[in-house]
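Single-structure report; data block below.
The values are calculated or read from the model by the stated rules, or taken from the named source; none is laboratory data. Given the structure is predicted, the values throughout are model-derived calculations rather than measurements. Heads up, the Cβs are rebuilt from the backbone with ideal geometry, glycines too, and the neighbour counts pull from every protein chain shown.
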Amino acid sequence: MTEDKKQRMSLRPITGITLVSLLVCGLFYPFLITGIGQAFFPSQANGEIIQLNGKPIGSVLIAQSFILPIFFHPRNETASPSASGVDPDILPTDAYAQIPAISNATGIPQSDLANIVNQNQEGAWWVFGAPYVNALRLNVELIKDYPSVYSQFQG
């Protein structure tokens, strides 16, 4: 057997392993996981998009940029415990702190705004985790509950 033929024979297993790994890791596994996600968790797999009047307005997984004083704001950059800075959730105390400004800007009673915050609290699992509220969900509730104030955002 020639040296050239020996080299080609030794490359055959390497080439085979490379191709099989490429197919399994690059095609089969991603399609399998995507299919499982779509079958069992379709909303989460598609980004948990919130719709208002049939139009997608944002994902509850990523903080939206709210700059108007009539909306709840996600965490500001200096106070965010999130490493990415795109965490859409705020502590209830942060939401309560925003209520006076929103009430002044909209005329919505502070007690009504506090009720919206209370009704949208999530994340208290027994002794694990602290309660939080999602700023986008709060703002969607405002738009739905007060159409006269938020008429320009009705879609």
task: Taking Y146 as meeting all but one of (1) of a type in the set (F, W, Y); (2) in contact (Cβ under 8 Å) with a residue 24 or more places away in the chain; (3) exposed (fewer than 14 other Cβ atoms within 10 Å of the Cβ), write down the number of the exception.
output: (3)
Selection within the stretch 99-137 - without any contact (Cβ under 8 Å) to a residue 60 or more places away in the chain, within 23 Å of E48 (Cβ to Cβ) and part of a helix (DSSP H, G or I): I116, V117, N118, Q119
message: Looking only at residues that are of a type in the set (A, V, I, L, M) and under 14 Å from Y146 (Cβ atoms) in the stretch 109-125, which one is surrounded by the fewest Cβ atoms within 10 Å (Cβ to Cβ)?
response: I116
query: So how many residues does the stretch 126-140 have that are farther than 13 Å from F72 by Cβ and either surrounded by 13 or more Cβ atoms within 10 Å (Cβ to Cβ) or β-branched (V, I, T) (or both)?
result: 2
- request: Taking the residues in the stretch 61-87 that are surrounded by 18 or more Cβ atoms within 10 Å (Cβ to Cβ) and at pLDDT 85 or above as candidates, determine which candidate is farthest from P109 (Cα to Cα).
  value: P74
field: Qualifying positions in the stretch 27-66 - farther than 30 Å from L142 by Cα and of a type in the set (S, T, N, Q)
entry: T34, Q38
query: Which of the helices (runs of 4 or more DSSP H) contained wholly in the stretch 1-72 include at least 3 residues that are among the β-branched types (V, I, T) and either free of Cβ contacts under 8 Å to residues at least 24 places away in the same chain or not assigned by TED's automatic domain parsing to the domain that holds A135 (or both)?
result: 3-23, 29-40
